[in-house]
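Participant: What follows is a structure written as C-alpha cells; I'll ask about it next.
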Amino acid sequence: MCLLCDDEKAYQAYMDYLDAMERKGKVVDQDTAMNAVLDGLQAAAKANRDAPENDKTLSPFFCSPVNK
C-alpha cells in the first residue's frame, strides 16, 4: 500500500493536485506530485501548529512581570 492511500487527506490532496495539473495540460511525474503534496501538507500542519490559538503553553492564568 502506498504512503498516500493510508491517509485520506493526503490522498485527496494528491488527486486534487493531479487534476489541477491535468487541467493545465501538464504531464506530472508521480514522484514530483507526491513530494509537492507532502510539502503542502507539512506546511499546512506547521502553520496550524504555530497558530497562536493552538499554543497550549499560553494560559489565561499566566501573569506577566510588573514593570516599575
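The values are calculated or read from the model by the stated rules, or taken from the named source; none is laboratory data. What you are looking at is a predicted structure, and each value in this text was computed from that prediction instead of being measured. No Cβ is skipped: glycine too gets one built from the backbone with ideal geometry, and neighbour counts run over all protein chains shown.
Participant: Tell me the residue from Ala20, Ala33, Ala51 that is surrounded by 10 or more Cβ atoms within 10 Å (Cβ to Cβ), hydrophobic (A, V, I, L, M, F, W, C) and at pLDDT below 85, please.
Facilitator: Values: Ala20 fails: at pLDDT below 85; Ala51 fails: surrounded by 10 or more Cβ atoms within 10 Å (Cβ to Cβ).
Step by step, each of Ala20, Ala33, Ala51 is checked, and only Ala33 is surrounded by 10 or more Cβ atoms within 10 Å (Cβ to Cβ), hydrophobic (A, V, I, L, M, F, W, C) and at pLDDT below 85.
Participant: Can Thr57 be described as at pLDDT below 85, in a helix (DSSP H, G or I) and not acidic (Asp, Glu)? Break it down stepwise before answering.
Facilitator: Working: at pLDDT below 85: yes; in a helix (DSSP H, G or I): no; not acidic (Asp, Glu): yes.
No.
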